[in-house]
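The values are calculated or read from the model by the stated rules, or taken from the named source; none is laboratory data. Source: prediction; values computed, not measured. We place every Cβ from the backbone using ideal geometry, glycine too, and count neighbours over all the protein chains shown.
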Amino acid sequence: MNFLVQKRHEVAKLIRLDKQYGTLLLLFPTLWSLIVASEGRPTLKHLVLFCLGSFFMRSAGCVMNDMADHTFDAQVERTKNRPLAAKHLSLMEALIVLAILLSCALATVLFLNRFTILLSFAALFFAAIYPFAKRLTYLPQIVLGIAFSWGILLAWAAVRNTLSLTPFLILLANLCWATGYDTIYALMDREDDLQIGVKSTAILFGEKSWLAVGGFYTLVVIFLTWVGWLSEMSTAYYLSLVLIAAFFLFQSFKLKNLHARPMLFSLFRANVWVGLMVLIGLLVNYHFQS
């Protein structure tokens, strides 16, 4: 029994069960798209399916990342105690967990239309190649951004059974946002990554990372403003963009003189509030339009 309890604990660590900010960062942009596509009236079915799908795919992404990086993780202070790096779980056990998570994700997608089902396979592709991107390019955060943005297209397709310019603008906004906040995340491991030969935007931009992050964040506001213009949003939506713009400005300048790992992590995690602020702006917008 103690053996099973220990394995269950390690599986929970593997999928980051106690760290659901990653799931929220994946879920919020998906909900933005779902709400805009449904003009503020998403169905309960779609809400439940995309919430579950975000949890399953983010968890699966963590497993795929750890399977690919377990030898690297063992050499990095922040990740050396992860289950695979510490050899508390075997690769076969991780593969079984991954198969279960992907099966659950597929089960949720099967409740949607055929177009959405076909689009969903690309999400798996980008999630699978992300762990290897850091070996080949200094821009793995771009690949992560695409993986974290694919739910935007799925949500739009689930509602409208087609795609248009608006979901792609939301995708671009989220791509820039994810690249920005994951650059902050990568800064925590910059010195370790330099030693083991792993690439990232934190290494590419170096001391100018704060400026690069600010640039990516500026593009987020521009693309979301474009979404608002196309969708004829009200003042409530634009007010949410003003708030996140102020938040982005604060983060960028804070990053300029910030090097401590706990503070970097705090800045990264605070991005969850950006997703929530935009979501609230959208909900209030459609409430007053109804």
So in region 246-271, with the set limited to residues that are among the hydrophobic types (A, V, I, L, M, F, W, C) and buried (at least 18 other Cβ atoms within 10 Å of the Cβ), which one is farthest from the chain's Cα centre (by Cα)? LEU255
Listed by range, helices (runs of 4 or more DSSP H) wholly within region 129-229 having at least 3 residues that are at pLDDT below 95 are 140-147, 165-187, 190-196, 201-205
Looking for whichever is polar (S, T, N, Q) and under 16 Å from ARG58 (Cα atoms) here; the options are GLN195, GLN141. Which one fits? GLN141
In region 1-46, the residues that are of a type in the set (A, V, I, L, M), outside any helix (DSSP H, G or I) and either in contact with a His (Cβ under 8 Å, 6 or more places away or on another chain) or surrounded by 12 or more Cβ atoms within 10 Å (Cβ to Cβ) (or both): ILE15, LEU17
Restricting the search to region 108-148, which residues are crowded, with 18+ Cβ neighbours inside 10 Å and among the charged types (D, E, K, R)? LYS134
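Working carefully through the options MET92, MET67, find the one that is assigned to a helix (DSSP H, G or I) and within 19 Å of the chain's Cα centre (by Cα). Spell out the reasoning first.
On the way: MET92 fails: within 19 Å of the chain's Cα centre (by Cα).
After applying the criteria, what remains is MET67.
Look at region 88-107 and say how many of its residues are surrounded by fewer than 20 Cβ atoms within 10 Å (Cβ to Cβ) and in contact (Cβ under 8 Å) with a residue 40 or more places away in the chain.
Total satisfying the criteria: 4.
Anything in region 256-287 that is in contact with a Ser or Thr (Cβ under 7 Å, 6 or more places away or on another chain), touching a residue at least 40 places away in the same chain (Cβ under 8 Å) and of a type in the set (A, V, I, L, M)? List them, or say none.
Matches in region 256-287: VAL278, ILE280.
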